[in-house]
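S.K.: There's a structure below that I have some questions on.
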Amino acid sequence: MPYQCSFCSVWQFYGRACRERTLESVVEDMATCGDAVFVADDLFWYDPARSMELAARLKERKVHKRWILVQTRADLIARRADVMEAWRPLAGYFDLFLGLEAASDKGLKGVDKDANVADSVEAVRIARELKFGLNGNFLVDHDWGEEEFRELWAFVERYGLQRAGFTVMTPLPGTELYERMAPGIPDQPWGNFDMHHLLWEPRLGAKRFFELYAETWKRTILNTKGEKRLLDWIRDIHPFQIPYITRVLWRTQRMMKPRAYLREHLATRAPLSDAARRPSEIAQAPGFSLEKRRLDPGR
């Protein structure tokens, strides 16, 4: 894994190495698997030359799927539109999942994304031009004010990213981010580390944070009570996805309700203490020592 986003556990788990199978084995898998394929690779198309050769071999084998979903980075798409063009004919419906992460260069720099918003915008343009479906994810930080939420809403609206998801920035144990933030994270159930819970008191306070977080989800395709017209829905989903999306919509309406988030937050949060302050405050507190905190057996 050549990238090192601070919130990501994958590159630390694999030691920043990319493991590649033989092209023959990949072609055989693609040729013999089902008609709907999700490729479990965080960096699909990372090696452009290999990706172009693989596409050519799949075409020679006459591989064509009803649906394919791959995960990749926006900057990889932005740099090599020719790779995207080579792969598009391999499926009737071809969806991309992008870790967009932030709506500003400042936000991307803050998570060591090693990319910029211009890459995201260009990737969206190329994908739309070649008729790929777009799904993405953004990170929402505990330390956001209202202006950061509004910046995200404007970005989603401007580039038509209503199929994006939004997860709370979560320092996963073992990551660089966790090592940096651990002194300010209160003791709590491990289930809270699911990227949808607050791990400490947010800058806006939990009530206002959840109001804005729920409003963010309301601006997506999942909101059945928004201003989306039937034609808008048709543009955003493929016909064969209708049964599935109906079940998803039924189960996800809770994400639009700030009271549901707040109720669960109050039920699972740790008792207020020094550790309940924001990590940035803890790190600046007199006498704070990261090394001492790490050696504390109580943690």
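S.K.: When region 134-147 is examined, which residues are found to be in contact (Cβ under 8 Å) with a residue 12 or more places away in the chain, open to solvent by 10 Å² or more (accessible area, probe 1.4 Å) and farther than 17 Å from Met255 by Cβ?
M.R.: Leu134, Asp141, Asp143, Trp144, Glu146
S.K.: Is there a residue being β-branched (Val, Ile, Thr), assigned to a strand (DSSP E or B) and over 28 Å from Ala36 (Cα atoms) anywhere in region 167-178?
M.R.: Looking for residues that are β-branched (Val, Ile, Thr), assigned to a strand (DSSP E or B) and over 28 Å from Ala36 (Cα atoms), one finds at least one in region 167-178, hence yes.
S.K.: Here's a check for you: in region 135-160, which residue that is out of contact with any Ser or Thr (no Cβ under 9 Å at 6 or more places or on another chain) and among the small types (Gly, Ala, Ser) is modelled with the lowest pLDDT?
M.R.: Gly160
S.K.: Shifting gears a bit: Take the conditions touching a Leu at 6+ places or on another chain (Cβ under 9 Å) and part of a loop (DSSP other than H, G, I, E, B) and apply them to Gly160. Does it pass?
M.R.: yes
The rows are residues; the columns are (1) within 23 Å of Lys109 (Cα to Cα); (2) open to solvent by less than 50 Å² (accessible area, probe 1.4 Å); (3) touching a helix residue (DSSP H, G or I) at 6+ places or on another chain (Cβ under 9 Å); (4) free of Cβ contacts under 8 Å to residues at least 40 places away in the same chain.
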site	(1), (2), (3), (4)
Ser6	yes, yes, yes, no
Cys18	no, no, no, yes
Glu28	no, no, no, yes
Glu60	no, no, yes, yes
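S.K.: Continuing with this model, one more query. Within region 190-198, can one find any residue that is in contact (Cβ under 8 Å) with a residue 24 or more places away in the chain, of a type outside the set (Ser, Thr, Tyr) and in contact with a Gly (Cβ under 9 Å, 6 or more places away or on another chain)?
M.R.: Within region 190-198, one or more residues are in contact (Cβ under 8 Å) with a residue 24 or more places away in the chain, of a type outside the set (Ser, Thr, Tyr) and in contact with a Gly (Cβ under 9 Å, 6 or more places away or on another chain).
S.K.: Of Asp114, Asp105, Asp42, which residue is within 18 Å of the chain's Cα centre (by Cα), more than 26 Å from Ala154 (Cα to Cα) and surrounded by fewer than 20 Cβ atoms within 10 Å (Cβ to Cβ)?
M.R.: So the residue among Asp114, Asp105, Asp42 that is within 18 Å of the chain's Cα centre (by Cα), more than 26 Å from Ala154 (Cα to Cα) and surrounded by fewer than 20 Cβ atoms within 10 Å (Cβ to Cβ) is Asp42.
S.K.: Can you name every residue in region 250-284 that is assigned to a helix (DSSP H, G or I), surrounded by 14 or more Cβ atoms within 10 Å (Cβ to Cβ) and modelled with pLDDT of 70 or more?
M.R.: Across region 250-284, the qualifying residues are Thr252, Gln253, Met255, Met256, Pro258, Ala260, Tyr261, Leu262, Glu264, His265.
The values are calculated or read from the model by the stated rules, or taken from the named source; none is laboratory data. Remember, it's a predicted structure, so these values are computed and weren't measured experimentally. When we count neighbours, we look across all protein chains shown, and the Cβ atoms used for this are built from the backbone with ideal geometry, even at glycine. When the accessible area is computed, the model is the full protein with side chains, heavy atoms only, and any ligands, DNA or RNA have been set aside. Shrake-Rupley method; radii C 1.70, N 1.55, O 1.52, S 1.80 Å.
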